[in-house]
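Undergrad: This structure is in structure tokens; I'll ask about it shortly.
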Amino acid sequence: MDVPLPHLDRPFDYLVPEALDAEAQPGVRVKVRFAGQLVDGWLLERAESSAHPKLAYLEKVVSPVPVLSPEVARLARAVADRYAGSLADVLRLAVPPRHARAEKAVTADADAPADPDAPADADARPGGRAEVDPRGWRDYPAGPALLRALTDGRPARAVWSALPGEDWAGRYADAVAATVAGGRGAVVVVADARDLDRLDAALTAVLGAGRHVRLTAADGPARRYRAFLAARRGDVAVVIGTRAAMFAPVERLGLVAIWDDGDDLHAEPRAPYPHARDVLLTRAQLGDAAALVGGYARSAEAQLLVETSWAREVVADRAVVRARTPAMAPTGDDPQLARDPGAASARLPSLAWTSARDALRADLPVLVQVPRRGYVPSVACADCRTPARCPHCAGPLALPSAQGTPACRWCGRVAAAYACPECGGRRLRASVTGARRTAEELGRAFPGVPVRTSGREEVLATVPGGAGLVIATPGAEPVADGGYGAVLLLDSWALLTRADLRAGEEALRRWMAAAALARPGTAGGRVVVVADGALAPVQALLRWDSAWFAARELAERRELGFPPAVRMASVTGVAEAVSDLLDGARLPDGAEVLGPVPADEGRERMLVRVPRSRAAALAEALHAAAGQRSARKAADPVRLQVDPLVLF
């Protein structure tokens, strides 16, 4: 039943009336009477008898379309168990809401008689052959073997480190085409709409139109539901999408793939908070399918797959890496600002200024990555440097524009008459400069050069290849025609000094994603990172060796006892509720309870750590304890997360 209470997370038996016998098939949506109310549910299976002597009747079959496949039902149960969640919550993520008009249209199209004059298309459904050109994978010694394994239907598992300038969407299209050539289907998950558009175009070029569907919530309920039904009916062999596609019901699944698995957009923000990478890997394990985890940078979780021999790494030889990597240079720990007044105001070190100037003179675009969006997202007293806080909620004050009035980033109140509580000063200075302010300053430093910004307000997909400045926040960098002549990575300290276990890994991932857009080769583009070259993430960037950094990160986390080397769960709520749940949980032997750690809005967080071998026992214990609280109608909610991205 679609009831989110943990103590009701089990199947219930109902009688099927004769009038609904034909429509009440496994996988359909139904309505049943429970505790005096009519609730939604899923019909999981039909049986001749039940151990319960007295049963109620099924009230209604909402739709005769069996939207829940047996494979997805098994996967949903495994994901719920893995994340200490309820099956109903996972099914809500796995199957999109019903759209009656779209369902009626799809059913009508399927029931329409075939046109006898239409040409036969042997490749319209899974199992059609497709030509696979392995040339794009030949820079990676294990690449052609991966394609052969996919064509043969073998469950190859690979962690791929992409070269700078690599057409990753084209390589994924090759892998999908090889899978389809072997008569099996594929599911590919990317982080955002821009990546999805690139993959969509690449697959259309390789497979042809109509051979795959997009599954993403951004396409709207009708289009999303039509795409889902096309996959469920077996009309297409390939589904691509954002994390909404991780449960896509593909027939004869042969490949699951994810691009840039370290992106936090792959983590589902709704209970039970599954990560797309883990869902896809679970799916590969259950269905004996191949798996491909790729990216310019490598996450610690992907490195664990390699070190445990669950997957094989697909990397280029070092000679190829050196030939493809653009010229890279750090500015040092204390970079000297350029003498040009405009460059100095834009905080450009001399090396960055020279690289940008040379690229613009060569009629090439320049990408500038700035970690902060906005104009001046953080200000401080100009006299004593005390951070400026809101007098009402103590939130950080920010400037929206050059002539704007300071306003709180939390509550939105304007602080026009702000006075420093330490020294009484009324003058403010920028302590952090945002992308829009940087664009304004660079426009003055390079007069006559077009300046474009790409960030939260407007994310650009592409920019022309001529001279121009592109100021982008991480993840919003557009692709330039022919590649960038220079890539400047500013304010690296803002990424490296975040209070986050993954700060170094995330900084390297964002830097490599931007650097990959430069013109490849040492004679092509130039990448300048404003950071100390001795730092480990900077060293990994300069050598284009994220595998080395991922191995280093994983070794440190093993030593300190942090994920993914161990399994860790967070329990968040008011102090009394958290204590109540943990007191009632039968935690496995060896479990460590850490905390409390302050959370938001007066709540606290406790962390429970166990070895990976005890992960299932931990999830089961926490889910059972949550069920006990819901059964006795405990007032204060508790949020359970297994392996959350943010621990502290």
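The values are calculated or read from the model by the stated rules, or taken from the named source; none is laboratory data. Computed from a predicted structure; not experimentally measured. Here the Cβ is made from the backbone with ideal geometry for all residues, glycine too, and neighbour counts use every protein chain on show. When the accessible area is computed, the model is the full protein with side chains, heavy atoms only, and any ligands, DNA or RNA have been set aside. Shrake-Rupley method; radii C 1.70, N 1.55, O 1.52, S 1.80 Å.
Undergrad: For region 461-476, state whether one or more residues are out of contact with any helix residue (DSSP H, G or I) (no Cβ under 8 Å at 6 or more places or on another chain), touching a residue at least 24 places away in the same chain (Cβ under 8 Å) and β-branched (Val, Ile, Thr).
TA: Yes; the residues of region 461-476 include at least one that is out of contact with any helix residue (DSSP H, G or I) (no Cβ under 8 Å at 6 or more places or on another chain), touching a residue at least 24 places away in the same chain (Cβ under 8 Å) and β-branched (Val, Ile, Thr).
Undergrad: Of all residues in region 236-263, which are surrounded by fewer than 20 Cβ atoms within 10 Å (Cβ to Cβ) and at pLDDT 95 or above? Spell out how you get there, then give the answer.
TA: Filtering region 236-263 for residues surrounded by fewer than 20 Cβ atoms within 10 Å (Cβ to Cβ) gives 251-252.
The one that is surrounded by fewer than 20 Cβ atoms within 10 Å (Cβ to Cβ) and at pLDDT 95 or above: Arg252.
Undergrad: Here are Val414, Val463, Val470, Val449: which of them is farther than 16 Å from Val379 by Cβ, surrounded by fewer than 20 Cβ atoms within 10 Å (Cβ to Cβ) and modelled with pLDDT of 85 or more? Step through it out loud before you land on a result.
TA: Numbers: Val414 fails: farther than 16 Å from Val379 by Cβ; Val463 fails: surrounded by fewer than 20 Cβ atoms within 10 Å (Cβ to Cβ); Val470 fails: surrounded by fewer than 20 Cβ atoms within 10 Å (Cβ to Cβ).
Sole residue among the options that is farther than 16 Å from Val379 by Cβ, surrounded by fewer than 20 Cβ atoms within 10 Å (Cβ to Cβ) and modelled with pLDDT of 85 or more: Val449.
Undergrad: Among what's in region 324-362 and is open to solvent by less than 30 Å² (accessible area, probe 1.4 Å) and in a strand (DSSP E or B), pick the residue that is modelled with the lowest pLDDT.
TA: The extreme case among them is Pro349.
Undergrad: For region 545-568, state whether one or more residues are more than 25 Å from the chain's Cα centre (by Cα) and farther than 17 Å from Gly483 by Cα.
TA: Step one: list which residues in region 545-568 are more than 25 Å from the chain's Cα centre (by Cα), which gives 559-560.
Filter once more, so that each one left must be farther than 17 Å from Gly483 by Cα: 559-560.
Looking through region 545-568, at least one residue is more than 25 Å from the chain's Cα centre (by Cα) and farther than 17 Å from Gly483 by Cα.
Undergrad: Sort through Glu576, Glu559, Glu553, Glu601 and tell me the only one that's among the acidic types (Asp, Glu) and surrounded by 15 or more Cβ atoms within 10 Å (Cβ to Cβ).
TA: Numbers: Glu576 fails: surrounded by 15 or more Cβ atoms within 10 Å (Cβ to Cβ); Glu559 fails: surrounded by 15 or more Cβ atoms within 10 Å (Cβ to Cβ); Glu601 fails: surrounded by 15 or more Cβ atoms within 10 Å (Cβ to Cβ).
When all the criteria are applied, what remains is Glu553.
Undergrad: Name the single residue, out of those in region 605-643 being among the hydrophobic types (A, V, I, L, M, F, W, C) and under 16 Å from Pro564 (Cβ atoms), that is surrounded by the fewest Cβ atoms within 10 Å (Cβ to Cβ).
TA: The residue in question is Ala616.
The rows are residues; the columns are (1) in contact with a Lys or Arg (Cβ under 7 Å, 6 or more places away or on another chain); (2) surrounded by fewer than 16 Cβ atoms within 10 Å (Cβ to Cβ); (3) in a loop (DSSP other than H, G, I, E, B).
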{"residue": "Gly27", "(1), (2), (3)": "no, no, yes"}
{"residue": "Arg33", "(1), (2), (3)": "no, yes, no"}
{"residue": "Leu38", "(1), (2), (3)": "yes, yes, no"}
{"residue": "Glu45", "(1), (2), (3)": "no, yes, yes"}
{"residue": "Glu48", "(1), (2), (3)": "no, yes, yes"}
{"residue": "Pro53", "(1), (2), (3)": "no, yes, yes"}
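Undergrad: Would you point out the residue of region 493-520, among those that are open to solvent by 10 Å² or more (accessible area, probe 1.4 Å) and touching a strand residue (DSSP E or B) at 6+ places or on another chain (Cβ under 9 Å), that is farthest from Val320 (Cα to Cα)? Quick ask: steps written out before the conclusion?
TA: Residues of region 493-520 open to solvent by 10 Å² or more (accessible area, probe 1.4 Å): 493, 496-502, 504-506, 509-510, 513, 517, 519-520.
Applying the additional criterion that residues be touching a strand residue (DSSP E or B) at 6+ places or on another chain (Cβ under 9 Å) yields 509-510, 513, 517, 519.
Details: Arg509: 20, Arg510: 22, Ala513: 19, Leu517: 17, Arg519: 15 Å.
Among residues in region 493-520 that are open to solvent by 10 Å² or more (accessible area, probe 1.4 Å) and touching a strand residue (DSSP E or B) at 6+ places or on another chain (Cβ under 9 Å), the one farthest from Val320 (Cα to Cα) is Arg510.
Undergrad: Determine whether Asp89 is out of contact with any strand residue (DSSP E or B) (no Cβ under 8 Å at 6 or more places or on another chain), surrounded by fewer than 21 Cβ atoms within 10 Å (Cβ to Cβ), touching a residue at least 24 places away in the same chain (Cβ under 8 Å) and acidic (Asp, Glu). Lay out the reasoning, then the answer.
TA: Values: out of contact with any strand residue (DSSP E or B) (no Cβ under 8 Å at 6 or more places or on another chain): yes; surrounded by fewer than 21 Cβ atoms within 10 Å (Cβ to Cβ): no; touching a residue at least 24 places away in the same chain (Cβ under 8 Å): yes; acidic (Asp, Glu): yes.
Spelling it out, it is not the case that Asp89 is out of contact with any strand residue (DSSP E or B) (no Cβ under 8 Å at 6 or more places or on another chain), surrounded by fewer than 21 Cβ atoms within 10 Å (Cβ to Cβ), touching a residue at least 24 places away in the same chain (Cβ under 8 Å) and acidic (Asp, Glu).
Undergrad: Moving on to the next point. Within region 17-65, how many residues turn out to be without any contact (Cβ under 8 Å) to a residue 12 or more places away in the chain and under 12 Å from Met1 (Cβ atoms)?
TA: Residues meeting the conditions: 2.
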